[in-house]
Amino acid sequence: MKKTAIILSSILGVISTIVLALFVYYFSITAGVRLDPNKLNDSVQNVSVYDFQGKEIDLPQLKKCASFSKLPSYVPNAFVAVEDKRFYKHNGFDYKRIGKAVLRNISSFSFREGASTISQQLIKNTHLSGEKTLTRKLKEMKLTRALEKRYSKEEILSLYLNSIYFGHSAFGIEEAASFYFQKTAETLSPAESATLAALVQSPNRYSPFRDGEKCLKRRNFVLSLMRNQGYISKSEYDEAVLEPLPLAPNEESASGSSYLALVFEEFSNLFPAEKPDDSTLKIYTYYDPALQKSMESYEAETDYSACILDNLSHGVKAYYSSAGRIKRLPASLMKPLLVYAPALEMNAISPATPILDERTDFGGYSPKNYNDEYAGYVSARYALSHSVNVPAVKLLNVIGIDKGAEYMKKMGLPVSEEDKSLALALGGMKEGYTLPDIAFAYSVFPSMGGYSPSRAIRKIESASGKTLYEWKPTFTRVFSEDTAAIMNDMLQTAVRDGTAKKLRSLDFQIAAKTGTGANSSGNTDAYTVSYTSENTVAVWMGMRDNSPIKTTGGNLPAALALTLNRKLYQDHAPADFPLSDGVIEVAFDKEEYEKNHRILSADPTAPPITTLSELFRASAPPQETSTRFSSPTIQKPTISVKNGSVIIELCQTEYYDYVVKRKNNGKTVIIYEGNYRSKIIDNSVAAGETYEYSVTPMYKGRTGESIILPSVRIQKSDDVPDHWWD
C-alpha cells in the first residue's frame, strides 16, 4: 500500500507540476494581452490602402456599419445557424464542438477542422493573426473570455457582422448587402441573408459571381439550418430556396471608386478563403490620384471607361468605369491582336503587302467597309491604320481563325468555339472583353512581344512589415521583338494620318488603334487604345443598355485619350519605342508595286524617286529584286506614219536614255540618242521606201535589250491604199 501511495503521489506531483507549468506559461504568454475596444469598433482598422507614393488612401466608405437593432432577426441568425449554433448558450467556447473537432482531426491525422465560435472569430479578425500556433491560441482564449465578460451576445454579433470579410471588396454586412444585392442590410431577405452567411467560410469559392452552382448549394444548406434551428418557418424556407441569386455586383458600392473595386477584387483572388493571417494589412497599389481625378472629371454624354497601365511594372495607375467592369464587343480593336500581328509573325504579310479592298463574299459572309466604300489595292499598313474591314477579314481567312485565336489566348483574351468565325476579325462575338483586359493585351506591343497581365496591387504587408505578396510581372512570349517593333510603327501611322489622328498633336512617339461597334440601330461601342513606350491608355464609350451613341472611336474616345496622355506627360516626354535588330528597311520598286501589285526589292542602281521604302522582318525580306535599271527594259513602243513622217511613241520610262536606230537598204543610222521623250519623230524619210527601227534603253552606261519595231513603208502619192507599215 505504501508503495502504491508513493507512486500515486509521484504521479499527482508530476501532473501538478505540468499544470502549474502550463498556468505559468499561459500567464507569461498572455500577460500583456488586453482587449482593445477600439479594434472591435473600427470594422476595417485592419485594412489600409496606399497609392503609388506610399500615401494612405482614405476609405470612409468601408467603415459603414449596420445598426444591429434595425436588422431583421433572421440576418444575424443566418450566421449563428451556420457558424455557431450554440452561440447564445456558451461563454465563448463550444466545448462540445471542440471535442468533435479533436476526434475528427485525430482520426484523419490532420488539423483541418476547427471549432471557432463567433466570439473567437471576432477576436481573430480584429486582434490576432490567423496563424495556427499554440501562442496565438492562448492569446485568443484570454481575449475571448474578456470579450464575453464585457459585451452582450447582441453586441458581439453586431461587432462580428460589421467586421467580417465577405469577399470581392465588401467588408462588413452593410457593404456586403450593397455590393451583392444593391440594398441596405436592414432590407435583406432571408434568402439574401443566407447567401451572405454562406460566403463566410470561403468568399471566393462561394461567390455567386464566380460559381453560382456552389453558391446556391451552400445558400440552401444555410437555409435548411435556419429552418431546422427554428429561425425561419417552413413556408419562409420554401419561398427562400426559390429566390434567384444576384447576377451582377454593384461594383461602385463597396469601394467607393472603380479603382478600389479593382484592388479588392484582386485581393479576393489572392486570398480566396479569408484575409491573410495578420490582424493588420497594408495594401500598396500603383494608384495615381491625379490621373484618377482626370478620368473621373470627364463629362460624357455616354457611359465610359478608361484605364491607364504602366508598361514597365505592369501596374494599373488609374481606372474608372461609369458602367462597372462590363464586357463589351471589342470591334476593330481585334485587328492588331488577332489578325495583323499574327500575320506578321507568320510571315504572311509585311506592312507593304498589297491587299485588294473590294466587296468580297466569304461563303455567305460579306463584310462591309465604313460607308460601304472600297479603295482597290491598299497596303497592309494603310488597311490597319485606316481600319479598313475587308482586308482584315481576308488576312484572317489566310492565316486561319484557329491560329489567330491561339495568339489571343496567349494575351489573356480567350476565344470560345462558338465565336470562331471570320466576323471575329471585326470584333464579332457573343460576349466580348472588359476594357482592362483589352488594355493588358495591347501592352504586348510596347513590351516587345511579351505578354503579362497588369495588376492594381503592388504589395501587401503585415503590420510587422512582413511581405505577404508582391507583384512581379511574368511574361509569356507571344510575338517576336521584330513583329512588335513593326506593329509599333504601323500603329503610329494610325496617329499620323489614320483613324487616331486626334492624337497627332502630341510631340512624341505614340501608337493607337480605334474601334467602333454598331448594330442596326447605330453605333454602340467606341474605343481608342493608345500607348507609348511607358504607358498604355484605353478608353471606351457606350451605353450599358447598348442603346445607340453619337460618336466613333476616332472622335470622343480619342479626345479623352489625348487629354489623359497630356496629363501623363505634362512634365516629360516618353522615350521612343525600342528598335529591333530583326527589322530592316527595304527599298522596293515603285512602278512594279503600283502597276502590278508586286513587291520587288529596288534595283541597286535605281534612282531614289523610283522606289518606295518599308519595314520588313529581316527573316522575311522581298524574295525578288528588280533589274529595271541594271538591265534596262521597256515595253514595246508603238510606231506609225503620218504626213510622211515616222512617229515612235515610247512608254513612260523617263529615267532611261534612248538610242533609236533606223535601217534602210542595208544602211543603219542613229536618228535619236538622248533623254526620254514621249515621241520620237523621223522626218528624214523618203516616199516609197521601207524602214526598220530599233529602240535601245540605256541607264548610266548600262545597255538594255534592243526592241525591233515592225517595219514601215512611206506612202507614194499613187499608192492605193496607204498602208502605215508592211
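The values are calculated or read from the model by the stated rules, or taken from the named source; none is laboratory data. Keep in mind it's a predicted model, so treat the numbers as computed, not measured. Here the Cβ positions follow ideal geometry from the backbone for every residue, glycine too, while neighbour counts run over all protein chains shown. Areas reflect the complete protein model, heavy atoms only, side chains present, ligands, DNA and RNA absent. Shrake-Rupley method; radii C 1.70, N 1.55, O 1.52, S 1.80 Å.
Using R₀ = 60 Å, calculate the FRET efficiency as 1/(1 + (r/R₀)^6) where r is the Cβ-Cβ separation of Asp211 and Glu301; round to 0.05.
So the FRET efficiency works out to roughly 0.95.
So what is the 222 nm mean residue ellipticity for the chain from helices alone, if each DSSP H run of at least 4 adds -39500 (n - 2.57) and you divide by all residues, rounding to the nearest 500 deg cm²/dmol?
It comes out at -10000 deg cm²/dmol, rounded to the nearest 500.
With contacts defined as alpha carbon pairs under 8 Å and 6 or more residues apart, what's the relative contact order of the range 468-530 in percent?
RCO, the range 468-530: 22 percent.
Sketch the reach of a paramagnetic label on Lys409 as a point 7 Å from Cα along Cα-to-Cβ, and name the residues of the range 438-473 whose backbone nitrogen lies under 18 Å away.
441, 451-453, by backbone N distance to the label point.
Cα to Cα, under 23 Å, and not fewer than 8 places away if on the same chain: which lysines meet these conditions relative to Lys700?
Qualifying lysines at Cα under 23 Å: Lys590, Lys636, Lys661, Lys679.
Can I get the semi-axes of the range 299-457's equivalent ellipsoid? Compute them from the C-alpha gyration tensor as square roots of 5 times the eigenvalues, in angstrom, largest first.
Square roots of five times the eigenvalues give 28, 18, 15 Å.
Identify all aspartates and glutamates with a Cα-Cα distance to Lys430 below 13 Å; exclude those on the same chain that are fewer than 8 residues away in sequence.
Correct list for Lys430: Glu417, Glu418, Asp419.
Give me Rg over Rh for the range 432-497, both radii from the alpha carbons and Rh done the Kirkwood way, two decimal places.
1.16
How large, in percent, is the carbon and sulfur part of the accessible surface of the chain at a probe radius of 1.4 Å?
C and S fraction of accessible area: 51 percent.
Quickly work out the Asn519-to-Ser640 label distance, labels modelled 7 Å from Cα along the C-beta direction, and quote it in nm with one decimal.
6.2
Expressed in nm to one decimal, what extension gain is obtained for the pair Ser678 and Lys472 from 0.36 nm per residue of sequence separation less their Cα-Cα distance?
Contour length minus the Cα-Cα distance gives 67.4 nm.
Based on the alpha-carbon gyration tensor of the range 405-528 and its eigenvalue square roots a ≥ b ≥ c, which shape applies: rounded if a/c is under 1.5, prolate if not and a/b is larger than b/c, or oblate?
Cα axes put the range 405-528 in the prolate bin.
In a Debye calculation with equal point scatterers on the alpha-carbon sites of the chain and no solvent, what is log10 I(q)/I(0) at q = 0.11 Å⁻¹?
Computed log10 I(q)/I(0) values: -1.14.
Which is the longest part of the chain that has none of the GluC sites (Glu not before Pro) sitting in a DSSP loop with at most 14 other Cβ atoms within 10 Å?
Maximal segment without exposed cleavage sites: 432-653.
Counting other Cβ atoms within 10 Å, keep those with at most 15, restrict to DSSP loop, and tell me which trypsin sites (Lys or Arg not before Pro) in the range 437-499 are left.
Sparse-neighbourhood loop trypsin sites (Lys or Arg not before Pro): Lys466.
Looking at the chain, identify the longest residue range that excludes and avoids all chymotrypsin sites (Phe, Trp or Tyr not before Pro) in DSSP loops having at most 13 other Cβ atoms within 10 Å.
With a cap of 13 other Cβ atoms within 10 Å, the longest stretch comes to 112-474.
Roughly speaking, what is the stretch gain from Ser547 to Lys716, that is 0.36 nm per residue apart minus the C-alpha to C-alpha distance, in nm to one decimal?
52.6 nm
Using only Cα atoms, locate the centre of the range 595-673 and the centre of the range 345-402, then give the distance between them in Å, rounded to an integer.
32
Work out how much length Lys420 to Ala687 would gain on full extension: take 0.36 nm times their residue separation and subtract the Cα-Cα distance, in nm to one decimal.
Residue separation times 0.36 nm, minus the Cα-Cα distance, leaves 88.6 nm.
Any idea of the accessible area per residue across the range 133-232, 1.4 Å probe, to the nearest Å²?
37
Report the local net charge at Asn397: Lys and Arg +1, Asp and Glu -1, summed over other residues whose C-beta lies under 13 Å from its C-beta.
Net charge around Asn397: +1.
Report the trypsin sites (Lys or Arg not before Pro) located in the range 333-397 that are in a DSSP loop and have at most 10 other Cβ atoms inside 10 Å of their Cβ, or state none.
Filter output for the range 333-397: empty list.
Which lysines have a Cα lying under 21 Å from the Cα of Lys502, excluding residues fewer than 8 positions away in the same chain?
Once the sequence-local lysines are set aside, what remains near Lys502 is Lys335, Lys513, Lys550, Lys567.
What whole-number value in Å² describes the accessible area per residue of the range 663-704 for a 1.4 Å probe?
That works out to 61 Å² for each residue.
Assuming R0 = 30 Å, what is the FRET efficiency of Val241 and Lys327, from their Cβ-Cβ distance, to the nearest 0.05?
0.50
Can you give the Rg and Dmax of the range 385-434 based on its C-alpha atoms, in angstrom?
Taking only Cα atoms of the range 385-434, I get Rg and Dmax of 10.7, 29 Å.
Residues of the range 449-576: accessible area per residue at 1.4 Å, in Å²?
40
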